[in-house]
Amino acid sequence: MIEVKNIQKKFGDKVVIENVSAEMKPGQCNLIIGASGSGKTVLMKCMVGLLTPDQGEICYHGDNFFSMNQEQRTNIRKEIGMLFQGSALFDSLTVEQNIMFPLDMFTTDSAPQKLKRVNEVLERVNLKDVNRKFPAELSGGMKKRVALARAVVLNPKYLFCDEPNSGLDPQTSLVIDKLIQELTVEFNITTVVNTHDMNSVMETGDYILYMYQGKKEWEGTRKDIIFSKNQLLNDFIFASEFLKDAKDMRMLEETGKMPNVRNMDDMTRS
Amino acid sequence: MRLLSDIGQFLLMLKGMFKRPEKASMYWKELMHQCVEIGIGSLGIVAIISVFIGAVSTIQTAYQLVSPLIPLTTIAQIVRDTVILEFAPTLVCIVLAGVAGSRIASELGNMRVSEQIDALEIMGINTKTYLILPKIAAAMLMIPLLVIIAMALGIWGGRLAGTAAGIISPNIFDKGLAADFLPYNVFFALVKGYVFSFIISSVPAYYGYYVRGGALEIGRASTKAVVVSCVLILFADYILSALLL
């Protein structure tokens, strides 16, 4: 489990994150959502230790990451896998070498064992015959899947995904979301996903933290979102008329009641 | 103020490099890779420059030594000493600052901008040790070797040009080469080679590692790295000459 306790981060005089706290449990997809500039990437970077917060704690299994010595931090980091927004694959290495890199660095497995593991994770992310290809030869979706394979190759306890769907078409986004969700449940990983993709929110959000201007504005599950009265959250999630209708339909399914007149009129018209 | 901040950050970067490697075999592999990139990768340009610099210095020396009182062996002596003392270490290293230095800065800059360095950090790898130390070590291993090759090729180029132009016969040139030879000059050139190789690798590594922004900033960092390296090489050249000669 990851506990975020009263995190505050400033850049100069600008407060980017203000007193954010959250609990992220294993075996579920924990989503951090919010508009661009709301501080979700900074929060994730604080969580993985790429940025040091000015105040607060990030606890992995109860131990504050920022009170640990270098060796303890390194040990925690070996349990972390991260999928970056731009995939962050090593350009000069092939797909196979990219995925094998953490194995080469941190295991004493033999070459055939490592290759077997690489092929296992590649198969798990539905990729075949790409071992010898370089990242430049892959599509955006394939790069994300290779990066996901690299992130999980060491069986991490924590998986961080920074906007895994950015730049992908809706269908590929769904594939990536499904993969992240399946891997989370299958290996009981504590997964933290930064996203502003509404499909991801409604499909995978076991726990959702909504950030607004650096503060925690709302938290709950994807089911709670449907019934939320938080205006900022509703404006962000259900920004278009189409999504507002989708929300109303879902509410109708759940409660048997229509939430407002607007949709009743729309539905009558149709 | 900015200069002091840069020097401080540069020194912290150097300090941060000296951490225990996560796995020695991976670092060895990276060191060998960098030796090939910096050493073998720069061999062609070093060879071409050395041969032509030697050739030009023979012709120009002969052009200036018009007095019949000066023996022809003096041409070989001047070519030998200028190539060993200045052309091979300094000129070659200035060229290498452009070739290897810009490559180091742009490679690290690209890794920084595309979050590859962050990815390594997340894996628990000390990126300064893994990415910068092998580059500096490889440069300090390979560049002095390139300087030695440059010395040999420069002198050979001078001999070839002198013969081809009918300025000096090979026998007289060889005789001049052996006359009043000071092995200390080679030692001095190697000292310069070591100092310059540190500058060529560490300065671009600093600019590349701490780059912020996008492709434009990578280009700027690369250019700045080469300019600063060249200025530092010339400054170090003066200091070393004043101290050691």
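Quick rundown of the values:
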| read-out | value |
| --- | --- |
| When each of A:LYS10/A:LYS157; A:LYS143/B:LYS135; B:LYS19/B:LYS128; A:LYS133/B:LYS128; A:LYS144/A:LYS244 is checked by Cα-Cα distance, pairs over 20 Å | A:LYS10/A:LYS157; A:LYS143/B:LYS135; A:LYS133/B:LYS128; A:LYS144/A:LYS244 |
| Estimated FRET transfer efficiency (A:GLU203, B:VAL231; beta-carbon r; R0 51 Å; 0.05) | 0.35 |
| Calculated FRET efficiency for the pair B:ILE48/B:PHE181, C-beta based, R₀ 25 Å, to 0.05 | 0.45 |
| Spacing of the two label points (7 Å from each Cα toward its C-beta) at B:HIS33 and A:THR52, in nm | 3.0 nm |
| A:MET82 long-range amide H proximity, modeled H, under 5 Å | A:PHE160 |
| Average beta carbon contacts from partner chains per residue of A:65-74, 10 Å cutoff | 1 |
| Backbone N within the stretch A:157-190 under 20 Å of label point (7 Å from A:MET249 Cα along the Cβ vector) | A:170-175 |
| Straight-distance crosslink candidates among aspartates and glutamates, where the alpha carbon sits under 19 Å from A:LYS178 and sequence neighbours closer than 8 are dropped | A:GLU120, A:GLU123, A:ASP162, A:GLU163, A:ASP169, A:GLU186, A:ASP197, A:GLU203, A:ASP206 |
| Cα-centred dipole magnitude for the protein assembly as shown, charges only on beta-carbon of K, R (+1) and D, E (-1), debye, nearest 20 | 740 debye |
| Bins of 20 Å, starting at 0 and running to the largest distance - Cα pair percent for the protein assembly as shown | 19, 41, 24, 12, 3, 0 |
| Spin-label pair B:LEU245/B:ALA215, simplified geometry with 7 Å Cα→Cβ offset, distance in nm | 4.5 nm |
| Helical contribution to [θ] at 222 nm, DSSP H n ≥ 4, -39,500 (n - 2.57), averaged over the protein assembly as shown, rounded to 500 | -18500 deg cm²/dmol |
| Dimensions (Å) - the stretch B:1-42, Cα atoms, principal axes, largest first | 39, 29, 8 |
| Positive-end residue of A:THR172, A:ASN155, A:PHE134, charge dipole of the stretch A:133-180 with Cβ unit charges | A:ASN155 |
| Charge dipole magnitude, Cβ of K and R +1, D and E -1 - chain B, Cα centre, debye nearest 20 | 300 debye |
| At least 15 Å along the helix axis (C-alpha) and Kyte average at least -0.5, DSSP helices within chain B | B:2-17, B:24-35, B:41-64, B:102-113, B:133-164, B:183-209, B:215-244 |
| Max mean-square fluctuation residue, GNM over chain A, Cα-Cα springs under 10 Å, options A:MET68, A:MET100, A:MET211 | A:MET68 |
| Mean separation of Cα contacts under 8 Å (6+ apart) over length of the stretch B:123-200, as relative contact order % | 52 percent |
| Gaussian network model of chain B, Cα within-10 Å springs - most flexible of B:SER50, B:SER197, B:SER42 | B:SER42 |
| Part-to-part distance (alpha-carbon centres) for the stretch A:21-54 and the stretch A:215-256, which is given in Å | 22 Å |
| Phi-based couplings in Hz for the stretch A:65-70 (Karplus 6.51, -1.76, 1.60; Gly and Pro marked x) | 4, 7, 9, 7, 7, 4 |
| Separation in nanometres of the label points that stand 7 Å from Cα toward Cβ, at B:SER67 and A:PHE11 | 6.9 nm |
| Most mobile listed residue (B:LEU160, B:LEU69, B:LEU133) in chain B, GNM with C-alpha springs under 10 Å | B:LEU69 |
| The stretch B:208-225 and the stretch A:167-185: distance between their alpha carbon centers, rounded to Å | 34 Å |
| Cβ-placed point charges (K, R +1; D, E -1), dipole of the stretch A:2-226 about Cα centre in debye, nearest 20 | 280 debye |
| Listed residue (A:GLN181, A:TYR207, B:SER42) projecting farthest to the positive dipole end of the protein assembly as shown, Cβ model | B:SER42 |
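Bear in mind that the values in this text are calculations on the coordinates, not laboratory data. Computed from a predicted structure; not experimentally measured. With ideal geometry, Cβ positions are generated from the backbone for all residues, glycine too; neighbour counts draw on all protein chains shown.
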